[in-house]
Amino acid sequence: MPDGVFENCENLTTIKNLEANSILPQRAFRNCKELSEIDLTNFRVIEDYAFENCINLKTITLNVREIGND
């Protein structure tokens, strides 16, 4: 999954059943301002700024070992 894969997807609201991957890349959901719920149980590492400016994010389901900045 490349850095910023969903960056600036303004209408994205919920993420479930993402393909198994061990790392959520930098800026993956940056500026997804309508994102409110995400399931990251298939990820072990969340890199820096993955959720920067996700102002409506309320629910995150995790199973990670390492979380970066912001």
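The values are calculated or read from the model by the stated rules, or taken from the named source; none is laboratory data. Everything quoted here is computed from the prediction, not taken from an experiment. For neighbour counting, all protein chains shown are included, and Cβ atoms are generated from backbone atoms with ideal geometry for every residue, glycine included. Ligands, DNA and RNA are stripped out before the accessible areas are found, and what is left, the full protein with its side chains, is counted by its heavy atoms. Shrake-Rupley method; radii C 1.70, N 1.55, O 1.52, S 1.80 Å.
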query: Taking I15, is it in contact with a strand residue (DSSP E or B) (Cβ under 8 Å, 6 or more places away or on another chain) and at negative phi?
result: yes
field: Every residue from the range 5-38 that is outside any loop (DSSP other than H, G, I, E, B) and more than 16 Å from N56 (Cβ to Cβ)
entry: I23, L24
- prompt: Of all residues in the range 14-55, which are under 12 Å from the mean Cα position of the chain (by Cα), open to solvent by less than 70 Å² (accessible area, probe 1.4 Å) and among the hydroxyl-bearing types (S, T, Y)?
  reply: T14, S36, T41
- prompt: Just wondering, is there one or more residues in the range 56-70 that are among the small types (G, A, S) and either surrounded by fewer than 16 Cβ atoms within 10 Å (Cβ to Cβ) or outside any loop (DSSP other than H, G, I, E, B) (or both)?
  reply: yes
